[in-house]
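The values are calculated or read from the model by the stated rules, or taken from the named source; none is laboratory data. Worth saying up front: this structure is predicted, and the values here are computed from it rather than measured. The accessibility values were calculated without ligands, DNA or RNA, using every heavy atom of the protein model including side chains. Shrake-Rupley method; radii C 1.70, N 1.55, O 1.52, S 1.80 Å.
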Amino acid sequence: MTGKKGRFEKGVWVEEKEAPVTNKGGNVIDKRFSDATQSLISSVNDVMNVTHDLVTTEEGKQYIEKTLRDTQVQVQKSFDEIISRIKGKPGKK
């Protein structure tokens, strides 16, 4: 990405224009709430962007495939361990 705040709309990156924060009466809580809201929006946009990259780029697809392969290996190891424990206990087959 460009490093600038924004979001995807219909497959096109749209840069976000930061609105000036007005602080009427100097209310610190309002400013903190506004900052937290902007941070949350930015974080959600970051998650959406990474998700978009995962499913639309070759690098993302390779990452998903590697993660699935690693998960499959771990699941197989877990089942192998369970089976070996069951076989190792006397009286159980």
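Every condition in (1) at pLDDT below 95; (2) outside any loop (DSSP other than H, G, I, E, B) holds for Gly91 except the one numbered (2). When we screen Thr71, Thr67 for residues that are open to solvent by less than 90 Å² (accessible area, probe 1.4 Å), at pLDDT 95 or above and under 16 Å from the mean Cα position of the chain (by Cα), the only hit is Thr67.
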